[in-house]
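The values are calculated or read from the model by the stated rules, or taken from the named source; none is laboratory data. Every value quoted in this text rests on a predicted model; they were computed, and no experiment measured them. Cβ: placed from backbone, ideal geometry, glycine included. Neighbour counts: every protein chain shown. Side chains included, ligands, DNA and RNA excluded: accessible areas come from the protein's heavy atoms. Shrake-Rupley method; radii C 1.70, N 1.55, O 1.52, S 1.80 Å.
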Amino acid sequence: MKTRAIWLALTIIGLGVLFGLAPARANGPKPYDGHVQCEANNCKIDLWLTRGFRAFSQCQVCHGLDANGSSFAPSLVDTLKEIDQSRFMEVVVNGYKGQMGVMPGWNENPNVMKHIDKLYAYLKARSDGVLPAGKLQRYDR
Amino acid sequence: MKRSLTFVAAVAATAMASGIANANQEVMKLTQNPANWATWGGDYAGTRYSKLDQINNKNVGDLQVAWTFSTGVLRGHEGGPMVIGDTLFVHTPFPNKVFSINLADQSINWIYTPKQDPDVIPVMCCDTVNRGLAYADGKIFLQQADTNLVALDAKTGKKVWSVTNGDPKKGMTNTNAPLVVKDKIVTGISGGEFGVRGFAAAYNIKDGSLAWKCYSMGPDSDMCVDPMKTTAMGQPIGKDSSLKTWKGDQWKIGGGTTWGWFSYDPDLNLIYYGTGNPSTWNPVVRPGDNKWSMTIMARDADTGMAKWFYQMTPHDEWDYDGINEMILADIDVGGSKRKALVHFDRNGFGYTMDRVTGELLVAEKYDPAVNWATHVDMKTGRPQVVAKYSTDQNGEDVNTQNVCPAALGSKDQQPAAFSPRTGLFYVPTNHVCMDYEPFRVEYVAGQPYVGATLSMFPAGKVTGDGSTHLGNFIAWDAGTGKIVWSNAEPFSAWSGALATAGDVVLYGTLEGYLKAVDAKTGKELYKFKTPSGIIGNVNTWEYNGKQYIGVLSGVGGWAGIGMAAGLEGDTEGLGAVGAYRALSKYTQLGGVLTVFALPGK
């Protein structure tokens, strides 16, 4: 029982944070607009954005299960605050060798390339604090 | 002479005793002298036990750092130092440097720096680790990331020969420590996330020519099996035992890679190792048992011919690779002494097998959180899968929640230790669960072939006991399948353990502590914070009459990736969970060997 209460408390803290970040969405259109529905601060996504999350499974082994980075690849939550969509497309398609290591190019991988716009939208939503890490609920089923 | 063996003397003495080029005898002799640490497991049985007792449970609290050595390489440092006579050999992650160090003054005898194409880096899932070296016949063996297996002259570091073991363009890489057996060197292959078909291969140590190569799956001829003589659960495996368990040609990209540790029993002339997950992570598209992925294999060292198999997780649905180490120990099981093989699988079960026949003796959970199966049926050897946690039964595009353990297993590659003095096994474990959603992916050669999204979180979220720790260090009775004691660790325990005749057990932690605990009680006796998180193995040796303990720090590997995702309220203020995401608050990258000894003389 006690544990339940703790989890409940944690959930409330979590929702509070989501709520706090919500205004960030107000300025300008977002790549995930129309694919996220938040009710009582609980955000659900549609199939389109789910495909972005799935494409992200190709990135998890390096950028972390939560996109917050690892000991050998940077946090995409942070990176997407700094780079724009065209830079994102460029590095994901072609890859590059940087100071930290090698970012592979994905131009031959249909599991990423077919969904690269959704992948960007998903990561942008993570970066903007709109979506929490991990699996999300769907509103369209 | 015993006390001040020089490298040359140590090797010459053993070579003389054994006649010509019986590398097996030579390595055996070296491992029997506890002054050396001549193979990854300390001995062929992989016990990681040392007869040295100068450092013991009474004085280990006085341990001090004797010397340190920076490898100059960032990234995750797995494996540990190898010591032969007066020389210490240590390796690094990519680019896989090797250093030969003179123990007299810690000066560098030679450095080997391979030129490897950095394009192999992105093909290596989960960091560019390497688990260490092997020695025999005056040569140091290194299994490079780019799959080249090289033999170096132990005295000069000059390359004697090199052989290519696989093709990185097809997703093949190597991270494992090879093992010398007789006149051959045995190695495996990585790339289970790239649709690589796993194999074990043996090369002649003289010139690197291929002696045998046996696949984990496919036609009988590829797998080095005799359908009538090779057994599983006491029965002949029969014709086409693997082909029958795959749809069409899927076995060709079926995984079952062999990136773990190899052990050897010289009396039985059998080598033992495990095979990894079947590809892809989406079980729905690969109906059948997917044999022989997730399998313990016992093979003849001369021919590779399989004596017995045991598949732990038929038709894997959770990425529970079966590659963890096989510890060969003669222990009491049900009142009689057995020639046992003990294996702590990623799937959360601790298995005790008869290593002669492959008979299943004990299979019990070594983390009480394990929930994907209720138990292992001792008649069939099959785990009894709980429907609710079956990602296959729940189906594609369905999120199967709260499965324990997570994909990284109740334990990953970090090898356990066995003390014949206590009869106990000392096991570094993960205490992490996951949500797992399989979905359909297309296979492209050389590209990751994953097919599931996952989130991981502390097991306490599932067990409901309020705990947030992510690892345990346990003592295990493999005769009964029971935990004897268990120490909670805030992070996954991802370092190979060492047990000694001084009744101390040592291991490292992800924050970077080297810890020593009492072998009987688990009581912590000493800890020291090394420069970075430890995912390496603790090894020990003696030089000039003094016992030393050495461990590589250098955080990385899968252990280093943020994995507390998927929690309700996944935010900063989550105590240990928040802290886990920020392992970087405790430690930073960098490879250093730290060597400990008691003060004085």
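Some notes on this structure:
- The stretch A:31-141 - share of DSSP beta bridges that are antiparallel (%, nearest 5): 75 percent
- Between B:313, B:152, A:103, the Cα set farthest toward the positive side of the dipole of the protein assembly as shown (charges on each charged residue's Cβ, about the Cα centre) is that of B:152.
- Residue B:268 - accessible surface, heavy atoms, 1.4 Å probe, Å² rounded to 10: 50 Å²
- Neighbouring Cβ atoms from other chains, within 10 Å of the Cβ of residues in B:454-467, number 3 on average.
- Counting only Cβ charges, +1 for Lys and Arg and -1 for Asp and Glu, the dipole size of the protein assembly as shown around its Cα centre is about 620 debye.
- Put the Cα centre of the stretch B:404-479 next to the Cα centre of the stretch B:49-65 and the gap is 30 Å.
- For the residue pairs B:182/B:520; B:365/B:461; B:29/B:139; B:170/B:365, the C-alpha atoms sit more than 26 angstrom apart in B:182/B:520; B:170/B:365.
- Antiparallel DSSP beta bridges within chain B, percent to nearest 5: 95 percent
- Residues whose amide H falls under 5 Å from that of residue A:30, counting only those 5 or more places apart or on a different chain, are absent, with hydrogens built in the peptide plane.
- Residues whose placed amide H lies under 5 Å from that of residue B:196, excluding near-sequence neighbours: B:255
- For the stretch A:48-141, the list of GluC sites (Glu not before Pro) that fall in a loop by DSSP and count at most 15 other C-beta atoms within 10 angstrom reads A:108.
- The protein assembly as shown - share of DSSP beta bridges that are antiparallel (%, nearest 5): 95 percent
- Two-site label geometry, residue A:137 and residue B:440: point separation in nm, points 7 Å out along Cα→Cβ: 2.8 nm
- For the stretch B:286-295, 3J(HN,Hα) computed residue by residue from phi via the Karplus equation (6.51, -1.76, 1.60; θ = phi - 60°) reads 10, x, x, 6, 6, 6, 10, 6, 6, 10 Hz, glycine and proline entered as x.
- Solvent-free Debye calculation, one equal scatterer per alpha-carbon of chain B: log10 I(q)/I(0) at 0.06, 0.08, 0.10, 0.12 Å⁻¹ equals -0.26, -0.48, -0.78, -1.19.
- List B:126, B:404, ordered by accessible area with a 1.4 Å probe, largest first: B:126, B:404
- The 3J(HN,Hα) values that the Karplus relation (6.51, -1.76, 1.60; θ = phi - 60°) gives for the stretch A:27-42 are, in residue order, 7, x, x, 10, x, 9, 4, x, 10, 10, 10, 10, 10, 6, 6, 10 Hz. Gly and Pro appear as x.
- Local electrostatic count at residue B:204 - Lys and Arg +1, Asp and Glu -1, tallied over other residues with Cβ under 14 Å: +1
- Taking each DSSP H run with n ≥ 4 as -39500 (n - 2.57) and averaging over every residue of the protein assembly as shown yields -4000 deg cm²/dmol at 222 nm.
- Partner lysines whose Cα lies under 16 Å from the Cα of residue B:247, excluding those fewer than 8 positions away in the same chain, are identified as B:291.
- Loss of accessible area when B meets A, both sides summed, Å² nearest 100, probe 1.4 Å: 3500 Å²
- Computed from backbone phi, the HN-Hα couplings of the stretch B:129-135 come to 6, 9, 9, x, 10, 9, 10 Hz, rounded to whole numbers (Karplus: 6.51 cos²θ - 1.76 cosθ + 1.60, θ = phi - 60°; Gly and Pro given as x).
- FRET efficiency for the residue B:520 to residue B:207 pair, using the beta carbon distance and R₀ = 51 Å, is estimated at 0.55.
- Taking every protein chain into account, the accessible area of the protein assembly as shown amounts to 34 square angstrom per residue (probe 1.4 Å).
- For the peptides B:341-347, B:304-310, B:460-466, the ranking by packing is B:341-347, B:304-310, B:460-466, with the highest mean count of neighbouring Cβ atoms within 10 Å listed first.
- Net charge of neighbours whose Cβ lies under 15 Å from the Cβ of residue B:126, counting Lys and Arg as +1 and Asp and Glu as -1: -3
- Pairwise centroid distance, computed over Cα atoms, of the stretch B:153-184 with the stretch B:235-282, Å: 21 Å
- 10 Å Cβ neighbours from other chains, averaged over peptide A:51-58: 4
- Net +/- balance of residues flanking residue B:381 in space, Cβ distance below 12 Å, scoring K and R +1, D and E -1: -1
- Accessible area in the full protein assembly, largest first, 1.4 Å probe, for B:117, B:43, B:367: B:117, B:43, B:367
- Under conditions of 37 °C and 0.692 mPa s, the stretch A:31-141 yields 231 µm² s⁻¹ as its translational diffusion coefficient, taking Rh as the Kirkwood radius over Cα pairs in the Stokes-Einstein equation.
- Across B:529/B:585; B:213/B:239; B:58/B:482; B:213/B:307; A:135/B:169; A:44/B:411, pairs whose alpha-carbon gap is larger than 23 Å: B:58/B:482; A:135/B:169; A:44/B:411
- Residue order by solvent-accessible surface for B:131, A:87, A:141 is A:141, A:87, B:131, largest first, with ligands and nucleic acids left out and a 1.4 Å probe.
- Residues whose amide H comes within less than 5 Å of that of residue B:76, counting only those at least five positions distant or on another chain, are B:128, B:557 (H built at 1.01 Å from N in the peptide plane).
- Relative contact order of the stretch A:31-141, pairs being alpha-carbon contacts under 8 Å that are 6 or more residues apart, as %: 37 percent
- Sorted peptide list for B:75-86, B:156-167, criterion being average Cβ within 10 angstrom, highest first: B:75-86, B:156-167
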